[in-house]
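Notes follow the structure.
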Amino acid sequence: MSNFQEQERSILHETYVFSEWKPEPEYVQKPDNILPENISVLWRWLKFFGPKKSLIDNITAYKQRKQKWHIALGDEGKVIAVLTDNILEIRTKRSEYATIAARTTVSRDGYCQWRKLVWSPDCSFLVLAYGNGIVSFFDLTASNLFNIPTDCSRPGGLECTDNTHAVAEIIFMPLRVKDNKWNWEVLIITYDGKLRGFLISHTDGFKLHHTFSFVGGVGAVTYSPEHNLLYIAGVPRTYSKDKTSSLYAGLTAWRILNDDPFYKLSVVSDELEAQLANEHFHLYIPFVSGKNLEIILSRFSGAVSVCNVEYMVNILGKKPEFLQGAPQVTGAHDGSFMTLECESNVLPAKKSNSDDSMEVVPVESEAEDTYFDISKELIKSVLYTITDIEHFQPKPKKITIVSRIYRLLGIKSTTSNELFSRKIESGNYTEALNLASEFKLDSDLVYQQQWRKTPVSSEAIQKFLAILKCEKSTYMKDEYDRLRSNSIAHSSIEIAKEGRIDALTCLWPHIKTVSLQMTVLQNIPETINPLEYKHLLPFSTEVDVDRWPPQLLEQENDWCKKEIFRSIWSSNWSEDSTPDNESLNMTCTLDDISKWYNKRAREIEERSGIVSHALTLIILASEHEIKGLDAIMFHLLTLDTLMYDTNLEDVTLTDVEKKSTLETCTLLMNRTSPETFVSDLKQFVVPFLKRYEKFSNRSESCLVGLTEYMESLSINDLSSILLVMQSPNEFELDVRTHLDLVEKCLYAYTGTDQLDKACDLLDTILHESDGSISPNELLRRLKELEKLLNTCNILSCHDVNVTFSDLKNMHTEPKQAQMLLTRVARNMATRDEKPSQQDWEALLKDILDLQSLMFDCVSKELCYVIYASSLLTSGDENTIKLAAEVLICDSESRRGVQSVPYAQSIELVLAASKEYFNSASSLTDPALNLARCCLTLIKDGNKEIEDELDLIASLQILNSFGVSVLPIQVRLCEDRMELIDKCLELDTNAYLASHKLLKLAQLLKISRDDEQKR
């Protein structure tokens, strides 16, 4: 092939690193005993003394130099499988093979190099063959579907552990049977020449279809779907006269049949067929490629080349691509192929103090033992085993620590322009210039990129701009004309609008007034960080040149500044002299500068929403002692916390300024949780309140604000204040503050179901003063809180719910306290279960406890009255009778300490009786019996009691006459003679029972005590 053809076929390529693995360092040592472990190994060792003609020996030598890891590419690069020591990973092209799509653990293999990894054509199966011949099938999720055991028969059914049945190739073929339940036919061919054909399926597993054997063994196998052939590389036949024939190379081709024997040798001539009749395993199959294809070659030296099949010339260039180790390569797809390299480094190993036999051998001194050395060591080992003489002791162990780095690489063909652009972007300028020289590309692009990446200096101009061939690249003509045509102020404003800070910096010395500078700065895009142009910001009423970069102060003599152009530049060409801009040249005060910063910060926040930029501008001004910015800095700091720390959106500076301190605290804690409440309070609210205290110049504003916020939270829930009080180390509150905060939060709580948390709050208060409060005051206030909580506890036991603040107010309100005690007493009778005598006695005790704890404005005598009233109105006769224990039922009885006076007892009995009587719904209502029960408690003949009893008795007579009237109507009837008339009307024979009518009139107190008139 001519040089022109070679150059024409050369391609550019680029190497990508997709992934990298760094396994643990490996300790490699030679065994003390060089005797072989089994007969097969012994036979191979003895064959060192003879020529190596065995196919398996050649394969073994080849395999031992290969990597331990394997890769397999599927579906033209859409998926790739990586097999490490004991991990199987599946990666996809979608993520550039950087992330793991599926992963599983596989068994470690003593023959890692003998493993095989193959994808099915549709990528539905991933097959892993171990060194001992066991074949495992996985799906795309790296799930193990099934395992095909090795074709090995050992005595006693022992599993094969060596590599005598290692798999040479796994081939997926279309089904040769008509059965829809199977997906593929898989051929598993081992190096000893055995072929097994299986039918496989995701659901039905596998089934052995046929077996075959290739005499002489197999070195390599490939399948050609187009020709339906198997190509076998077997034992070379060196006696063949034609050294260019496939027979000499040991290559054969087998035609695939649908029936037994399933495979038939393909021959091309009668002469060859006759020759094969005697030696059926000596084969010759010529094969000529009909296409101009390339082949990828990987060598043990690490050289990878892509060669033309016809001329075998490397088309990657003059030299191959050198990788680390013996790289594994995949088939090409989309102009690229994958490779797995292994970089091995020998690390220094330390000699063990405990084992003198351990010897570290440097990698450069490591050499292969000769046959003589091996024989010598074998004899010494045998003699040492027999005699146990130290003189014959074998050499000590040799230890080597090997560190390996595996890389998954991609080698892709590219065009000169693409490679040139990538070299420039990655900063490989030398390689980019070489490409430009070789392929006649524009080298100016390299120098322009270097100019953009290098700080402006005279050296950079000479090194990069001066060598540009295109003069238009050295400057922008339109901008130059615009700069020379317009005034400095106008040009500066236009450049500021474009956000070109470096260009604006160059013009800055020509802007002579601070007011004009502020006008220019007003036009810089709000998205640019003020730190980028802080050297341009005004911090005083005079232009401060000390902050400018030194190169700005070195004024070079521009050509337009020559004497001949004095008439031009001495005029107002460099300044705006229009009436609209005359005010810009006026001097400004510090107050004007402060107002400008305030206005500019608001514009940045409003237009861009980037609070950090607005805050940075104000901080820069404050650092240079610009006054009057405290308010906006305070609000911007708060807004910055809301935006970036709490991730609260849709909040503006105007919103923050309108909110109160309490509302701002609520916003700051808007996204907190019980787990983070204390830390968020300390991180967001406390710093805000401290800033507010400093800003407002009010002492204790922080504490007041914190108290208000905790009170607002405690209105509905005491959990937040409890979390704070249970974290004393976070806030370090003194005892007085702690006590005040607990009291205010308890009184702010409007609920009644968190008594346990209130008790926990009380437990957090120290009972010893730290000097912030007197011991007497501390004990007094603690006692009041304890009484309050005890009162709430008693009330809750009686299903009476009252807030802490209401209880505190009732302390000095006798009427409200009496109503509450009455409510407690009356609730006893409303329980689902009927109260026992012990329950009523416990109620009396609780009422007295409430009186002593909280309601001392109510006398104990009134407590007994309330208790007696609750007994009388309980609605139960047995309970009503219990009232006799606290009532004085006889005027002559002596009053006890725990009893109600006689007169008040009469009032209670009458009130209860009338309540029952008036509530009766008929003349026979059971409530009338309860009323009678109350009245009978009074033993002496009290007139009012007797009148009530007579009224109750009259109802029975009215009922006997069939009068339908409510008891309360009887009581309220002014002319009770009407009731007698009704009896006569309803019962025509009523006049016959005159004695009964007279009795009724007597009970109804008609004509009072005048019997004659009655």
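The values are calculated or read from the model by the stated rules, or taken from the named source; none is laboratory data. Here the structure is a predicted model, which is why all the values come from computation and not from measurement. Backbone-built Cβ (ideal geometry, glycine too); neighbour counts: all protein chains shown.
Assorted remarks:
- When D655, D650, D680, D645 are checked against the criterion of being over 28 Å from T803 (Cα atoms), buried (at least 17 other Cβ atoms within 10 Å of the Cβ) and of a type in the set (D, E), D680 stands alone in meeting it.
- Check on H798, crowded, with 16+ Cβ neighbours inside 10 Å and at pLDDT below 90: yes
Every residue, every condition in (1) touching a His at 6+ places or on another chain (Cβ under 6 Å); (2) not small (G, A, S); (3) not in a strand (DSSP E or B), yes or no:
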site: I90; (1), (2), (3): no, yes, no
site: A98; (1), (2), (3): no, no, yes
site: A102; (1), (2), (3): no, no, no
site: L145; (1), (2), (3): no, yes, no
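- Considering A436, A432, the condition of being surrounded by 14 or more Cβ atoms within 10 Å (Cβ to Cβ), in contact with a helix residue (DSSP H, G or I) (Cβ under 6 Å, 6 or more places away or on another chain) and of a type in the set (A, V, I, L, M, F, W, C) is satisfied by A432 alone.
- Highlighted here are the helices (runs of 4 or more DSSP H) found entirely within the range 657-733 that include at least 1 residues which are farther than 27 Å from D630 by Cα and among the hydrophobic types (A, V, I, L, M, F, W, C): 677-680, 701-714, 719-725.
- Out of F804, F731, sole residue that is of a type in the set (F, W, Y) and over 16 Å from T707 (Cβ atoms): F804
- When the range 81-132 is limited to residues that are small (G, A, S) and closer than 18 Å to D162 by Cα, the one that is surrounded by the most Cβ atoms within 10 Å (Cβ to Cβ) turns out to be A129.
- Complete set of residues in the range 613-625 that are within 17 Å of Y533 (Cα to Cα) and either more than 39 Å from the chain's Cα centre (by Cα) or touching a residue at least 40 places away in the same chain (Cβ under 8 Å) (or both): H613, T616, L617, L620, A621, H624
- Any hit, the range 810-819, residues being closer than 23 Å to E708 by Cβ and either among the aliphatic types (A, V, I, L, M) or out of contact with any Phe, Trp or Tyr (no Cβ under 6 Å at 6 or more places or on another chain) (or both): no
- Test for I847: is it touching a helix residue (DSSP H, G or I) at 6+ places or on another chain (Cβ under 8 Å) and under 26 Å from K787 (Cα atoms): yes
- Scanning the range 626-638 for residues that are in contact (Cβ under 8 Å) with a residue 24 or more places away in the chain and farther than 21 Å from S673 by Cα turns up I626, K627, G628, L629, D630, A631, I632, F634, L636, L637.
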